[in-house]
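The values are calculated or read from the model by the stated rules, or taken from the named source; none is laboratory data. Given the structure is predicted, the values throughout are model-derived calculations rather than measurements. Cβ: placed from backbone, ideal geometry, glycine included. Neighbour counts: every protein chain shown. Just the protein is used for accessible areas: all its heavy atoms, side chains included, with ligands, DNA and RNA removed. Shrake-Rupley method; radii C 1.70, N 1.55, O 1.52, S 1.80 Å.
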Amino acid sequence: MQIISKTNFVAALIGIVSLTVASQAQAQPDPRYKIHDFNRPQPPLVDPGYVGDNQRTGKAPSDAIVLFDGSNLDNWVASDGSPTKWVVKDGVMECVPGSGYIRSLQCFGDCQLHVEWSEPENISGSSQGRGNSGVFLGGDRYEIQVLDSYKNKTYADGHAGAIYAQYPPEVLPIRKPGEWNVYDIVYIAPRFNDDGSVKSPARLTVFFNDVLVQWDRELTGPTGWLSRAPYSKHDYKQPISFQDHGNPVKFRNVWVRELGCKDKVFKYSNSYLDKLAGIYESGGMRWEIYRDGEQLYLNWVGNRNNSWKMTAESTTHFVTDRTDFAFDFADFNDEGIPQSVYWTMEGNKTRMEREKK
Ligand code: MG
C-alpha cells in the first residue's frame with residue numbers, strides 16, 4: 001500500500017516528474033489482456049487510511065484556478081456551451097441523469113487537477129451501472145473513470161481510477177458509498193505535428209485518495225467503450241468534463257494548477273458570442289464586434305478586411321491580438337445581451353453603448 005501524506009504530496013509530484021524523464025513505465029496497455037477483459041484480475045480494495053478523510057475539503061492552493069467552490073456553476077456549461085442542467089445542492093455539484101456532460105468554460109493543457117467526488121449512499125445498479133461518471137481531460141477525450149467500485153465487480157479497466165479501457169488502477173483505495181473520494185491528477189496534453197500525426201501522446205498520473213494508482217501512463221488515444229481509437233489532432237488547451245452516465249454522482253472542490261503555458265483560453269458557445277456581438281459607439285467612435293466560427297473579432301465599422309481577433313480572459317473581459325486594447329462587456333439585460341462595453345486603451349476607459357437596431 002502506497003500512502004503519501006498530504007505534506008509529502010507536492011514532493012511526490014516533483015519526484016514523479018523527474019522519474020518520468022528516466023522511465024517509460026507502463027508505456028503501453030498490457031498486451032496479455034483484451035479491452036474490458038473479465039479474466040483480468042480485479043485491483044485489490046485498499047483502505048486509504050486517511051484520518052478525518054470525510055472532512056477533507058481544504059482550500060485550493062493560492063495559485064490554483066478554482067473551477068467549483070460550492071457556490072455556483074458559473075465556470076461550467078453543457079458540452080455544446082449552452083447552460084448546464086447539473087445542479088448545486090448544499091455546496092455540491094450533482095449530475096442530473098439524462099442532462100449530458102458538464103464541461104469547464106476555461107480550457108487547459110498540462111495541468112494538475114484536483115476533484116472530489118461521492119457516490120450515492122443508496123446503492124443501485126451493478127458493475128458499470130453503479131455510480132458511473134468520469135473525469136475527462138482534453139475535452140471529452142481522455143477519461144479517468146468514476147464508479148462506485150466499493151465491493152462492486154466489473155472489468156478491471158473500467159473500475160474507479162482506471163484510464164478507461166486502457167489501464168486499470170493499481171489498487172482500489174475507494175471509500176464507501178456516500179463518503180468522499182479525492183482525485184489528484186497530473187495531465188500532460190498530447191502534442192501534434194502539423195500533418196496531424198502524434199508528436200507525443202497524452203500522459204496521466206493519478207492519485208486516488210492520496211494513493212498512487214496510475215503512474216505516467218501513456219495513452220493510446222481517446223478512451224472509449226470497447227475501443228482504443230487513434231488520436232486525432234486537437235488544440236493543446238481543452239475543457240475539463242465530467243460524465244453523465246445516468247447516475248447522480250456528486251462533485252466538489254474542483255481546482256486546476258496550470259503547468260507551463262498560462263495563456264487563458266475559453267471555449268464559449270456560439271450563441272453566447274452572438275450575444276456579445278454588435279455595434280458599440282461613443283462620441284462618433286464606432287466598433288463592430290462580430291463572430292466568425294468560434295471566434296470574436298473587432299473592427300472599425302465597415303472594415304471587416306482589417307479585423308482584430310478578440311481573446312477571452314474571463315466571461316466578460318476580452319483583449320485584442322494586435323494592440324493593447326481590452327473590452328469589458330457590461331449591463332447585461334434579461335436576455336443576457338450586454339448593453340455596453342468598456343474599451344480600455346492606454347489606461348483610459350471609455351464606455352460605449354450598444355447601437356439600437
Ligand atoms: Mg464513466
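Given the Cα atoms of segment 194-321, and with Rh set as the inverse mean 1/r over their pairs in the Kirkwood sense, what is Rg to Rh to two decimals? That ratio is 1.07, to two decimals.
So how do Glu288, Glu143, Glu170, Glu313 rank on accessible area, 1.4 Å probe, biggest first, that is with the largest at the start?
Sorted descending by solvent-accessible area, the residues read Glu170, Glu313, Glu288, Glu143.
Residues whose amide H falls under 5 Å from that of Ser133, counting only those 5 or more places apart or on a different chain, are Val146, Leu147, with hydrogens built in the peptide plane. How far is helix 9-22 tilted off the main Cα axis of the chain, in degrees rounded to 10, range 0 to 90? Orientation of helix 9-22: about 80 degrees from the principal axis. Across the chain, the mean sequence separation of Cα contacts (distance under 8 Å, 6 or more residues apart), normalised by length, yields a relative contact order of 19 percent.
Positive end of the charge dipole of the chain (Lys, Arg +1 and Asp, Glu -1 on Cβ, about the Cα centre): tell me which of Ala60, Ala326, Ser241 has its Cα farthest that way. Among Ala60, Ala326, Ser241, the one farthest towards the positive end of the dipole of the chain is Ser241. Only Cα pairs within less than 10 Å get springs; with that Gaussian network setup on the chain, which residue of Gly161, Gly283, Gly100 has the largest fluctuation? The residue that fluctuates most here is Gly283. Checking every one of the trypsin sites (Lys or Arg not before Pro) in segment 75-159 against DSSP loop status and a limit of 15 other Cβ atoms within 10 Å picks out Lys85, Lys151, Lys153.
The chain: percent of C-alpha pairs farther apart than 36 Å? For the chain, the fraction of Cα-Cα distances above 36 Å is 28 percent. Lys199 contributes about 130 Å² of solvent-accessible surface, heavy atoms of the protein only, 1.4 Å probe. Remark: segment 270-354 carries 54 Å² of accessible area per residue (probe radius 1.4 Å; ligands, DNA and RNA excluded).
Of the GluC sites (Glu not before Pro) in segment 29-132, the ones in a loop by DSSP (not H, G, I, E or B) with at most 10 other beta carbons within 10 Å are Glu121.
Largest GNM mean-square fluctuation among Gln238, Gln295, Gln106, using the chain with Cα springs under 10 Å: Gln295. Accessible surface calculations at 1.4 Å, restricted to protein heavy atoms, place segment 6-258 at 42 Å² per residue.
Rolling a 1.4 Å probe across all protein chains gives Tyr155 an accessible area of roughly 20 Å². Note on the chain: with neighbouring protein chains present and a 1.4 Å probe, carbon and sulfur make up 50 percent of its accessible heavy-atom surface. For segment 256-357, report the convex hull volume of the alpha-carbon atoms normalised per residue, in Å³, without decimals. Normalising the Cα hull of segment 256-357 by residue number yields 132 Å³. Gaussian network model of the chain, Cα springs within a sub-10 Å range: biggest mean-square fluctuation belongs to which of Trp300, Trp255, Trp76? Among Trp300, Trp255, Trp76, the largest GNM mean-square fluctuation belongs to Trp300.
Accessible surface of Thr350, taken over heavy atoms with a 1.4 Å probe and every protein chain present, rounds to 50 Å².
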